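Before any comments, here is the structure.
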Amino acid sequence: MRTIPYLVDGDWLEERLKDPNLRLIDASTFLKIPEGQGFPELWSGFEAYQEEHIPGAAYADLLKDFTNHEGAAPFTIATREQFLKAVEPLGITDETYVVIYDRGPLVNVDILASDWSARLRWQLKYEGFDNVAVLDGGFRKWKLDGRPTESGISEYVPAPFSGERREQLIVTKEDVKAALGDENIILINSLSEADFRGETTTYPRPGHIPGSKHAFFGAHSNPETRLLNDDATLQATFEKLGALDPNKKVITYCGGGIAATWNALLLNKLGQENVAVYDGSLNEWASDESCPLVTG
């Protein structure tokens, strides 16, 4: 049962840092998109976490522990067995609530979005746990506000995880194929406008899935406050896509199923619960020549 907001600010979190029911998690992961040709570079945020993190925060290694390295795409959700092993050290039980933060989506690019946090939040929800929030503005905003940090490693008392999977929150390549042309399903591409139009070479083939709407995951925050836009602004963004219609199902996708979870979080925040993430996203779709893509 949810008892906390979908996103919380620094004041809210700082007041609760010593709450024994809080499970504060640093999910920082680093992604660097090369200029021109080449594969994106990904690495763990564990060293950065050890150097400095919000007091009491444990680290969740999304790359090492929460990813199925035998999956079809480079960043595929962990199996249930992998997840249970990875989540137990975080001490998440029905009596706790979780707040997740990260250091931003990309290296050397100042895009405002906590998509790595949103990814772990989505995984927890998928595995059956709802009482989780993302820190608005992430670690960067926390630091800009002069709030406390510490170094080293913090840990929680391990606990078995009791949630049950919700298969409706994830879709496969075949599900997306079946959704093409279905007026009751809204497909949302969460990447940049250049990616959407097919002007970049980040993925095996350029373009977007036919019929997709576009909502860039990095356009939902205010550059001055470094916080999420207000609900009215967010609502206007997603309403024009038809994504808030309670009678429609929304599928979000991106390159590897990360940015898509940020849009999924915001849709949930606005009251749209019928949202699934295409986990394979363009890494999988664009690798299959039989899957159509359009540019422009």
- request: Filter segment 40-72 down to residues that are open to solvent by less than 10 Å² (accessible area, probe 1.4 Å) and not aromatic (Phe, Trp, Tyr) and give me whichever is farthest from Lys141 (Cα to Cα).
  value: Thr67
task: Output the residue which, of all residues in segment 107-120 that are under 14 Å from Ala219 (Cβ atoms) and among the hydrophobic types (A, V, I, L, M, F, W, C), is least open to solvent (accessible area, probe 1.4 Å).
output: Ala113
query: Which of the residues that make up segment 27-39 are open to solvent by less than 50 Å² (accessible area, probe 1.4 Å) and over 28 Å from Pro158 (Cβ atoms)?
result: Leu31, Pro34, Gly38
- line: If we ask which residues in segment 236-247 are of a type outside the set (Asp, Glu) and surrounded by fewer than 16 Cβ atoms within 10 Å (Cβ to Cβ), their number turns out to be 5
statement: Going through segment 251-296 in order, the residues found to be among the hydroxyl-bearing types (Ser, Thr, Tyr) and open to solvent by less than 10 Å² (accessible area, probe 1.4 Å) are Thr252, Tyr253, Thr261, Tyr278, Ser281
task: Determine if segment 9-26 includes at least one residue that is under 25 Å from Asp288 (Cβ atoms) and open to solvent by 40 Å² or more (accessible area, probe 1.4 Å).
output: no
query: Which number in (1) closer than 23 Å to Glu14 by Cβ; (2) free of Cβ contacts under 8 Å to residues at least 40 places away in the same chain; (3) part of a loop (DSSP other than H, G, I, E, B); (4) of a type in the set (A, V, I, L, M, F, W, C) marks the one condition that Phe129 misses?
result: (1)
query: Counting only residues that are of a type in the set (Asp, Glu), touching a Ser or Thr at 6+ places or on another chain (Cβ under 8 Å) and open to solvent by 30 Å² or more (accessible area, probe 1.4 Å), how many does segment 78-106 have?
result: 1
- prompt: Which of (1) open to solvent by 60 Å² or more (accessible area, probe 1.4 Å); (2) within 30 Å of Trp12 (Cβ to Cβ); (3) free of Cβ contacts under 8 Å to residues at least 40 places away in the same chain does Lys213 not meet, given it meets every other one?
  reply: (2)
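The values are calculated or read from the model by the stated rules, or taken from the named source; none is laboratory data. All of these numbers come straight from a predicted model, not from anything done at the bench. Reconstructed Cβ throughout: ideal geometry from the backbone, glycine too, with neighbour counts over all protein chains shown. Remember, those area values only see protein heavy atoms, side chains included, never the ligands or the DNA or RNA. Shrake-Rupley method; radii C 1.70, N 1.55, O 1.52, S 1.80 Å.
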